[in-house]
Each structure stands twice: as structure tokens, then as C-alpha cells.
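Visitor: Pasting a structure here, questions to come.
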Amino acid sequence: MKLNLHEIAQVVGAKNDISQFEDVSINSIEFDSRLIKEGDLFLPLKGNRDGHDFIPIAFQNGALVTFSEKKVDYPHILVSNTLHAFQELAKYYLEKMAVSVIAVTGSNGKTTTKDMIATILESTYKTYKTQGNYNNDIGLPYTILHMPDATEKLVLEMGQDHLGDIHLLSQIAQPDISIVTLIGEAHLAFFGSSAKIAEGKLQIVDGMKDNGLLIVPDDPLIKPFLPNNQEIIFFGEDTPLSIHNLKEHKNYLTFNLDFLEGDIYLPVTGKYNATNAMLAAYVATRLGVSQDNIKSGLKNLVLTKNRTQWKKAKNGADILSDIYNANPTAMRLILETFSSLPKQKNGKKIAVLADMKELGEASKKFHESIITSLNPNQIDIVYFYGDEIYPLYQLAQEKFTKEKLAFFKKNSTVDEISSLIKNIQEILKTQDQILFKGSNSMNLEKIVDSI
């Protein structure tokens, strides 16, 4: 990290005189005192615990200086708000390093699209990307301030829980290129309507440089929020940016794009991933990456953990794990993909569906809407796990025979996950295929790991 102590103090508007300290370079910035090493700056944040309580531990581990909102008996940079100082420093650092920023948001597919863009760009540029799910007001500036010094392209994922979240992230990152993958129902409880979700997603333009590139779905919800100072590219079925000749297989997809020659091979399932790959390929094309490097990058793609992964059960059964998060659009899409796959000889197809969280008052309606994606001719057994998913279980009883369905509770007083695991272990055979889909907080990973 190319930042010096006095430079940092000036950027964040230090309220104390730090001239008594030598103007040395800072190695890194960490908000976890356990990660502090010699020469680092400690960032105390207020969460369940006040990070200021860990300042002594940070210095024991080698901290050179700390941000602080109060005077402390250690070398410190005094600020009104440590998080705001951190964010301002990240914004300054991007400007200083003159890094080109590609920002990605969307109700579904943003992490996968981010991974795809970074993978392709790495063939041509020194590229860094959001690690894991560091896509919020802490994670995004952390990503910026931890990028390697030689970074040329920075791919940042932007998440939102409330209106205004992406406005802040865009102001920090000041993207050159922005992508909105999908306007869905994620976090509907906090927004109230899909139109408000669209408004929030389109705040990605608020910090964009003029005459940047904005890539968005051809969705009427988006139209009222489009800017007039950016180049806008729409994607979708009846647009110039669309997918042709898509063929789905168990472990891969093939398809064609108007702006690339020949077939595209993608080693993941789900036709929605073809859309994510198209967005990544188009961004790379606009940034001058060769067609060979684009196709090679997609062919050798490795996704962030828990995004639509095929795994093997201990007994050899096929597991389709898509358990990082869930909303109605994503659940319908993965069920559509899973349903279209051919069965193994003498094998069953089993779906394990868990609650979709943060849907607010519309939760019952949205869970019930999944019934159109459950076909007893294509899926043999369905397990429902949670509390909010119970209305879908009730509807499914009208389509499936009783022995093909089971419901397991997970609420404030009862968690039947052990019974669910035992039931799956008893009926899962080597030739079966089993899908897991639900919100991250439902801990489906525990079930996947157990089998």
C-alpha cells in the first residue's frame, strides 16, 4: 500500500497534530486486531463491540498507529468517525493510484459476474477483485486499500440492504464501467417495492465518471432512473446484447454471442450464468481483451464458493449446491435448470428448498410463487426447510403425492435440521441428483457437508 502516515492524516482531516511522528509508510490497514502486523494502521470500528477496546491488542501485535474517535495513550489519528475516515481514504487512494474501476451490482448474479470479469481481465491486465462478500460500506473500501500496488483494473461488487447503500459505494469507487445484472426481489422487506430496488441499484451511477459505460437489463423498472451523462447498453432477449444457441448440460453450457466468434464454453450450469458470462465478455471486449483470452477465461472459470457448484456426495450422488443466497428469481432459475437435467439410470432427483429471507410482507406470496417451478414429473422428492417456506409446502401437496414431500421446521424454538439430514442420508442413493437452494442464514452448507 503506497500511503504515508502524514498523507493519511491530511486526507482524513486529522483533529490532532501528528507532526511529532515520523512520516513513515504504512504497510496495511486492518479492522481486526488479530490480523495486525508490524507497521500496520489499526481501524477500530463500532459493532457488537467497540473496536477502540482492542487498540492495546493491536499495538501488542505491532500496530504503528491507529485511527481513533477519542484521545488514547497510543500513536493515533484523531477523527470524528473512523468508518467515514476509512471510506474517504479509500476514495483518495483510488484517485491516487489511477486504477480503472468496474462495478457490479444486481439482485442476483453479481458475485458470479464479478468473478467472470476478473478472470478474463487477468489475461491482459493486473487485476484485483472483491474478495468473498466484501461488498458493503466496510468491505468495499477494505478491498480498495488492499489491492496490490500494480493493480490496473479493479472489479468491485456492490451490495445493498437499504436505499442509499449503493449511492455511498459508488461515490467511494467512482466507477468507469457499471453493470446491473438483475432487478429482482432481494431485500424486499427493506425496500417495499421492486421499483425501489431498481432505484437503489441504479444509484451505481451516482459516483460514475462522466461518459462512462453503464450496462443494464432491458427492464421497464430501470428506465426512470437512467442517467443522461453515460453510454447505456441494454441486454436481454430483444436487444443487440443477447444470447443465441444456448445448450444446457449437467456440468457446462455452450452458447453464441454476436460480438464473439464461435462457441462459448462455460464450465457451470444454469442459463442465467450464460447471461453473466455475456456481460463479462462484453466488458472485456470494450477493454480490448482478445477474443481468444475472453473465451479461454470463461472456459477456465473458477467461481466464489457456494455459487451453483456441482459436488459429489460421500456415496457418489451428485449434489447441485446453490446456497449462498436466495430470492424468488434465483430459486425459479435454479429449479428450471435442475428440472431440465436428465436423470441417471434408476436415479431420483431431489430438491431441498429453504426459506428465502428479507421478503417482508410479500414473503408468503413469493414463496408460493415457486410452485410453478415444481413439477412432479421432473423432481421426485422435495424437502422444505424453514418457517416462511411452509405455504409452498402446503401448495405442493396439491401436485405431489404425500410420500414425495416432507417439511422440517426452523424457527425460534425448533430446528429440525438433524432430522432433515438423517432423512436425506437414508434415501440418497449413488445414482441420485440432489439440489440445495435457500438463503445463507438457513445453514444449508451444514447439510451439504454432512452428506
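Visitor: Gap in Å between the Cα centre of the range 408-451 and the Cα centre of the range 215-281?
Guide: Between the Cα centre of the range 215-281 and that of the range 408-451, the gap is 33 Å.
Visitor: Now for a separate question. Out of all DSSP beta bridges with both ends in the chain, state the antiparallel percent to the nearest 5.
Guide: 25
Visitor: Starting from the exponent 0.38 and prefactor 2.2 Å, build the expected Rg for the chain from its residue count and divide its actual Cα Rg by it.
Guide: Details: Rg = 23.9 Å, N = 451, 2.2 N^0.38 = 22.4 Å.
The value comes to 1.06.
Visitor: So which aspartates and glutamates can Lys247 reach, going by Cα to Cα under 18 Å and dropping same-chain residues fewer than 8 places off?
Guide: Straight-distance partners of Lys247: Glu237, Asp258, Glu261, Asp263, Glu336.
Visitor: Follow-up. Where only protein heavy atoms count, and the probe is 1.4 Å, what is the accessible area per residue for the range 230-334 in Å²?
Guide: Per-residue accessible area for the range 230-334 comes out at 43 Å².
Visitor: Using alpha-carbon positions, what is the distance between the centroids of the range 343-394 and the range 157-178, in Å?
Guide: The range 343-394 and the range 157-178 have Cα centres spaced 33 Å from each other.
Visitor: If you don't mind, another one. Given a Förster radius of 25 Å and the C-beta distance between Lys343 and Gln394 as r, what FRET efficiency does 1/(1 + (r/R0)^6) yield to the nearest 0.05?
Guide: Calculated transfer efficiency: 0.40.
Visitor: Would you kindly state how much longer the chain becomes between Lys15 and Thr372 on full extension, computed as 0.36 nm times their sequence separation minus their alpha carbon distance, in nm to one decimal?
Guide: Extra length available between Lys15 and Thr372 comes to 122.5 nm.
Visitor: Oh, and also: Taking the range 328-451 on its own, what percent of its Cα-Cα pair distances exceed 17 Å?
Guide: 54
Visitor: Rounded to whole Å, give me the distance from the Cα center of the range 1-51 to that of the range 83-151.
Guide: 20
Visitor: Oh, and also: Measure off 7 Å from each Cα along the Cα-to-Cβ vector at Lys250 and His162, then give the distance between these two points in nanometres to one decimal.
Guide: Modelled inter-label distance: 4.7 nm.
Visitor: Oh, and also: With +1 on each Lys and Arg Cβ and -1 on each Asp and Glu Cβ, and nothing else charged, work out how big the dipole of the chain is about its Cα centre, in Debye to the nearest 20.
Guide: Its charge dipole is roughly 1540 debye.
Visitor: Report the extension gain between Thr239 and Lys364 in nm, rounded to one decimal, defined as 0.36 nm multiplied by the number of residues separating them, less their alpha carbon distance.
Guide: 41.6 nm
Visitor: Can you tell me the convex hull volume per residue for the range 241-347, based on C-alpha atoms, in Å³ to the nearest whole number?
Guide: 122
Visitor: Peptides 119-126, 169-176: what's the order by average Cβ count within 10 Å, highest mean first?
Guide: For the peptides 119-126, 169-176, the packing ranking is 169-176, 119-126.
Visitor: Still on this structure, please answer the following. Please give the FRET efficiency for Ser419 paired with Ile138, using the beta carbon to beta carbon distance and R0 = 41 Å, rounded to the nearest 0.05.
Guide: Efficiency, from the Cβ-Cβ distance: 0.65.
Visitor: Moving on. On the principal axes of its Cα set, how long, how wide and how thick is the range 105-210? Give whole Å, largest value first.
Guide: Here the Cα extents, ordered largest to smallest, are 42, 26, 22 Å.
Visitor: Now a separate question. Each label point is 7 Å from the Cα along the Cα-to-Cβ direction; what then is the distance between the points at Asp263 and Asn315, in nm?
Guide: 3.5
Visitor: Please work out the FRET efficiency for the pair Lys402 and Ser193, using the Cβ-Cβ distance as r and a Förster radius of 30 Å; give the result to the nearest 0.05.
Guide: Step by step, r from the Cβ atoms, then E = 0.20.
Visitor: Further question: Loop-only trypsin sites (Lys or Arg not before Pro) in the range 61-109, please: DSSP not H, G, I, E or B, and at most 13 other Cβ atoms within 10 Å. Don't skip to the answer; put the middle values down first.
Guide: On the way: sites: Lys70, Lys71, Lys91, Lys96; in loops: Lys70, Lys71.
Those satisfying the criteria are Lys70, Lys71.
Visitor: If you don't mind, another one. State the dimensionless ratio Rg/Rh of the range 55-173 (Rg: radius of gyration of Cα atoms; Rh: Kirkwood radius).
Guide: Working: Rg = 15.9 Å, Rh = 15.5 Å.
Rounded to two decimals, Rg over Rh is 1.03.
Visitor: Would any residue of the range 203-244 have its amide N under 14 Å from a label point 7 Å out along Cα→Cβ of Asn293? List them or say none.
Guide: none
Visitor: I need the per residue convex hull volume for the range 393-436, using only the alpha carbons, in cubic angstrom as a whole number.
Guide: Given the Cα convex hull of the range 393-436, per-residue volume reads 104 Å³.
Visitor: Now, a different point. On average, how much area does the Cα convex hull of the range 213-278 cover when viewed from any direction, in nm²?
Guide: On the way: hull surface 20.1 nm².
Projected area, direction-averaged: 5.0 nm².
Visitor: A follow-up question, please. Let me check I've understood the local charge: for Asn136, count other residues with C-beta under 13 angstrom from its C-beta, Lys and Arg +1, Asp and Glu -1. What total comes out?
Guide: -3
Visitor: Right, another one. Report the dimensions of the range 1-109 along its three principal axes from the alpha-carbon atoms, largest first, rounded to Å.
Guide: 45, 32, 25
Visitor: Once both labels are modelled 7 Å past Cα along the beta-carbon direction, what's the Asn440-Lys271 spacing in nm?
Guide: 2.9
The values are calculated or read from the model by the stated rules, or taken from the named source; none is laboratory data. Small disclaimer: the values here were computed from a predicted structure and weren't measured. In this analysis, Cβ positions are derived from the backbone assuming ideal geometry, glycine residues included, and neighbour counts consider all displayed protein chains. Protein only, heavy atoms only, side chains kept; ligands, DNA and RNA dropped before computing areas. Shrake-Rupley method; radii C 1.70, N 1.55, O 1.52, S 1.80 Å.
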